[in-house]
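The values are calculated or read from the model by the stated rules, or taken from the named source; none is laboratory data. These numbers were taken from a predicted model, which means no experiment stands behind them. FYI the Cβ positions are ideal-geometry reconstructions off the backbone, even for glycines, and counts take in every protein chain you see. Please note that ligands, DNA and RNA were not included when accessible areas were found on the heavy atoms of the full protein model with its side chains. Shrake-Rupley method; radii C 1.70, N 1.55, O 1.52, S 1.80 Å.
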Amino acid sequence: MIVPYLPMVAIDIIGSFAMVVFSLLCCYKARILRETDQDNALFLYLVWISTGFMIFGVSRSFGHILRQFLILTSHTDTWQTIAAFSGSVNTVSFMLVSLITLFFNQSWKINEKILTSRKKLEAAHGQLLSLNQTLEQKVVERTEMLTSSEHKARRIFEYSLDTILVTDAHFKIQEINNAGITLTGYKKEQMLEQNMGLMDFIVYAPDWEHISTQLTTNEYVLNEECDILNSDNMKIRVIITGGVDYGAFGCAKTFHFIIKDINEKKQMAQQIAQADKLAALGELSAGVAHEINNPLGIILGYTQLMLKEKSEFHEDLKTIEKHVKNCREVVSNLLSFSRKGSGEMGNVDIHKMLDGVINFLKKHSDFRKVQIQLNLWENESLWVKGNAQELTQVILNLMINACHAVNDNPKGVIKLITRKEDSHVLILVKDNGTGIQKQHLSRIFDPFFTTKPVGQGTGLGLSVGYGIIRRHQGEIMAENRQGEGAKFTIRLPLLNTNSNGSKQ
């Protein structure tokens, strides 16, 4: 019995060791598979069941080896004592394997749900990434559009030739563009520091009351004309258009204004109206002068015939002759103002002509208390095509008027200035007298208009001068300087000649 039993013992012991080795290898391989895919339920099941079999194999192998050892060493009673414990371990390990297998189906379903949820989560994540990329792209595009729009708006604001003004709800200035700085003459920092408002620039209070009422009632104002005062105390005619802006949610109310400078346009319109009026007056004057001139000639002729005979009415006839001659002079001036043609035209040296005027006036008694300052263009001689006698008449008349304006000033000064501007000659006559009243400025070139007392002027000097300058293809303009007297500017086409007066 001993010889057949030994091979069985060897097989049992070797098989036990083999069972332990194989169970460990299976457990090891299962763990490797598990590490390749942590979310695979099948691999997890293999790990669990391999572990259970490993526990079962180790327990059973240990029991078999121990039992054979105790039997061979004649300790069978000891084995009988611990056999129950070894069998319990084997039973528990086998039950563990059974339970793992029984509950694997439920674990598999849970795993499938987890995997499905994971796939959905991954799909949602992918969509979210796509949406995020699209959103980022749109944000970039919108940012570029906003930047471009802001740049365009800023360029419009900064480079607009009209004044763009932004104020708060109380019309205090918050923003102003370069055109507004040029128009007002104030720097932006100065306006902000002094807390200046739109109302500070408008000259007349009723104009601002009307504009503020429109803004309060209608929340906008459209093409309202008014005068504003710049930093040099100069009045400028402007058109104001503006409205309210409530901005984004939570932003304070502001007002936006566009202010257009129409001062030059207004002056040009007044000059055109003045020219049309004077042209109409010229035609009327010509007709009246011709109709009056013939009867005056007859009256003067008969009067002079009666004067040849001595009579008691001799002094009365002399009085009639004197006033008829005065009337003829007035008629002659009217004809000079209205006639289309002029006398002989030639090349006139402006500087030489003005020197002659000054030399003449120095001998005049009215100019003894007046300082005349001559400021001539020094770069070159200035020549015009015209009638020297007529141009001299115009300058003399302007100088005499300036002399009368500064008579009450003990420091009376008259400045006679020449300038070259592009292809024109400018002759300026300035005085520091009383100036021209605003209500008279638009009428000074009208025939018979005068502010002098009766008997001291006919009111034809400036109107005749206007006609002469217009016949010379030029312009004559009057300007009232604030507290500095009047300024007359004559603008004549420049003639390119040499010093001898011949054309180059």
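Accessible area of the range 120-180 with a 1.4 Å probe: how many percent of it is carbon plus sulfur?
Of all accessible area on the range 120-180, carbon and sulfur atoms account for 58 percent.
Would you mind giving the average projected area, over all directions, of the Cα convex hull of the range 158-258 in nm² with one decimal?
6.5
Count charges around ARG481 for me, please; just the other residues with Cβ under 9 Å from its Cβ, Lys/Arg as +1, Asp/Glu as -1.
0
I'd like the distance between the alpha-carbon centres of the range 309-323 and the range 172-222, rounded to an integer number of Å.
What the calculation gives is 70 Å, centre to centre.
Report the local net charge at LEU361: Lys and Arg +1, Asp and Glu -1, summed over other residues whose C-beta lies under 14 Å from its C-beta.
Once positives and negatives cancel, what remains is +2.
Report the gain in length on full extension from ASN230 to ASN480: 0.36 nm times residue separation, minus Cα-Cα distance, nm rounded to one decimal.
88.3 nm
For the pairs LYS188/LYS420; LYS188/LYS253; LYS188/LYS487; LYS235/LYS487, flag any whose C-alpha to C-alpha distance is greater than 25 Å.
Pairs exceeding the cut-off: LYS188/LYS420; LYS188/LYS487.
Using 1/(1 + (r/R0)^6) with R0 = 51 angstrom and r between the beta carbons of ASN132 and VAL21, what's the FRET efficiency to the nearest 0.05?
FRET efficiency, ASN132 to VAL21: 0.40.
Which aspartates and glutamates does LYS120 reach when only Cα atoms under 20 Å apart count, and residues fewer than 8 places away in its own chain are ignored?
Within the straight-line cut-off, LYS120 pairs with ASP37, ASP39, GLU112.
Describe numerically, in nm with one decimal, the distance between label points set 7 Å from Cα along Cα→Cβ at ASN347 and at ARG31.
With each label point 7 Å from Cα toward Cβ, the separation is 12.0 nm.
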